[in-house]
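Q: The structure under discussion is supplied below as structure tokens; questions concerning it will follow.
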Amino acid sequence: MKRTRREMLAVGATTLLAAAAGRNGLHFGSGEIPEDLAKWKFSKPLRVPPVLSPVRIDAKTDYYEITQKEADVELLPELHTRIWGYEGMFPGPTIKARRGRRTIVRQTNQLPHKTVVHLHGGVTETDSDGFPTDMIMPGESRSYVYSNEGRGATLWYHDHAMDRTAQNLYMGLAGLYIIEDESEAGLGLPVAEYDVPLILQDRSFGPDGNFVYHAGRGGRMGAHGTVVLVNGVPWPRFAVARRKYRFRILNASNATVFEPALQNGRPLIQIATDGGLLPMPIECQSIPLAMAERTDVVADFSEYPIGTQIVLSNLSGKGPQSEIMRFEVARDGPVENPIPQKLSNMEPLDPKLAARTRIFEFGISVEFKIPPLTWTINGKEFNPKASLAQVEYGQVEIWHLKNRKFGSLEMIHPVHIHLINFQILERNGEAPKPWERGWKDTVSLDNGEEVKLIMKFDGYRGRYLMHCHNLEHEDHSMMARFDVI
Ligand code: C2O
Ligand code: CU
Ligand code: CU
């Protein structure tokens, strides 16, 4: 039986949810794990996802193989959680690429559902970009080619299947992809075990340890969780040396904003945004991180005596979610140089070069059907066959994005554009926030906000996507295709 997307939407939320439950071990009911989550706080050590080894290497390319499969893993102490993971891991293994060297990842789907893989932040040919209808069917494989021509940066790979991205990610289909750039080598930034990814996610669990998935009205508001996971560990503790660390922080949650800050009031030193190093380091008291955004920070623990404990808090969370993890200064470290004042070259794109400005409105449309609300861009639901913009290859454009207020519905839309990195020219008519003044591929729009972005389409020709990275909004049609011609 085949149904169109529109008919599926009209089936109604309950049937949809009931049909989806059980197929992947996701609970949709209530019955969450009780009360005393705090007992897990700072008890388990931080894990770092393993770096995947290539199966083969030649002069220009590193070849990888990943199997997407179900696994029962211990996320919470003494409980098992059924996950869907790249290599059966939550989160998936990290891929390290080198700028200018190609990567080919052969993905095999051993899950009971169709999948798609997208490299978020990558400048990727259209066939490898993970268009939501370019599915890998269960039992099949597909190879993705990544050219890694962009700057050194913290990217991530994740599922992008039509209508199922939110559930597939909630189940675990996400991992880091780091592009290493030789130009960073001379900067004296922390490397190797002192260069640590922190993948932030929130999940709810049932008493049996399995995930509980609540996405709000019609399954389309956004799934939040009660447990904060860092690299798959609930509120971990991390023993550090008295020295500098680089933390690559990714918000990989479905619909939750994090705002990391040091609880002792010391600033975070931000060195990178989504698209790599900033021109110079900046001090921030906290860095709001909407879904899919990344920020790299340096924390210097040499200023604390051994035994000091420093909590990384989350200014946008309440109760147990107001804390993320705890650093514990455990041993001495070397004497180090300060972070250099110049980190990279970032030529500002000149708005005078822009061939045109396009306006995109992120909003809601109300119709006489069930459920009555859908998320839209310029009033339209996602249609994989219709392009909302035909962009000329090589052209510079300004995209003016607006979050249209809808009554009292408080909704933030982190907007992600595939294929390109952009610079933020303005937020609400003013300069962008200090922490978003680097290359970006995702920009957060709070209720009623607007931003102007500038970008150059010099990657590839083909069909690409722009969408809200609240994954439930994305699956419920807040996505648009654009074409580079
Ligand atoms: Cu991170 Cu189109 O997604
Ligand atoms: Cu992307
Ligand atoms: Cu949204």
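Q: Has the range 75-95 got at least one residue that is over 18 Å from Val117 (Cβ atoms), touching a His at 6+ places or on another chain (Cβ under 8 Å) and surrounded by 15 or more Cβ atoms within 10 Å (Cβ to Cβ)?
A: no
Q: Return the residues of the range 57-84 that are on the phi < 0 side of the Ramachandran plot, free of Cβ contacts under 8 Å to residues at least 12 places away in the same chain and in a loop (DSSP other than H, G, I, E, B); say none if nothing qualifies.
A: Within the range 57-84, Asp58, Ala59, Glu74 qualify.
Q: Output the residue which, of all residues in the range 427-485 that are within 16 Å of ligand 2 (Cβ to nearest atom) and part of a loop (DSSP other than H, G, I, E, B), is nearest to Gly363 (Cα to Cα).
A: If we take residues in the range 427-485 being within 16 Å of ligand 2 (Cβ to nearest atom) and part of a loop (DSSP other than H, G, I, E, B), then Met478 is nearest to Gly363 (Cα to Cα).
Q: If Pro54 passes every condition in (1) over 21 Å from the mean Cα position of the chain (by Cα); (2) not in a loop (DSSP other than H, G, I, E, B); (3) not aromatic (Phe, Trp, Tyr) but one, which one does it miss?
A: Result: Pro54 fails condition (2) only.
Q: Let me ask something else. Looking at the structure I just gave you, is Ala330 of a type in the set (A, V, I, L, M), at pLDDT 95 or above and over 25 Å from the mean Cα position of the chain (by Cα)?
A: yes
Q: So Gly130 clears everything in (1) more than 30 Å from Phe247 (Cα to Cα); (2) within 13 Å of ligand 1 (Cβ to nearest atom); (3) of a type in the set (Gly, Ala, Ser) except one condition, right? Which one?
A: The single condition Gly130 does not satisfy is (1).
Q: Among the residues in the range 394-415, are any under 20 Å from the mean Cα position of the chain (by Cα) and within 20 Å of Ser128 (Cα to Cα)?
A: no
Q: Can I ask one more? Would you say Glu430 is acidic (Asp, Glu) and farther than 30 Å from Ser147 by Cα?
A: yes
Q: Still on this structure, I have one more. Within the range 292-300, can one find any residue that is within 22 Å of Gly186 (Cβ to Cβ), touching a Pro at 6+ places or on another chain (Cβ under 6 Å) and β-branched (Val, Ile, Thr)?
A: Taking every residue of the range 292-300 in turn, none turns out to be within 22 Å of Gly186 (Cβ to Cβ), touching a Pro at 6+ places or on another chain (Cβ under 6 Å) and β-branched (Val, Ile, Thr).
The values are calculated or read from the model by the stated rules, or taken from the named source; none is laboratory data. Everything numeric in this text was worked out from a predicted model, so none of it was measured. Glycine also receives a Cβ, built like all others from the backbone with ideal geometry; neighbour counts cover every protein chain displayed.
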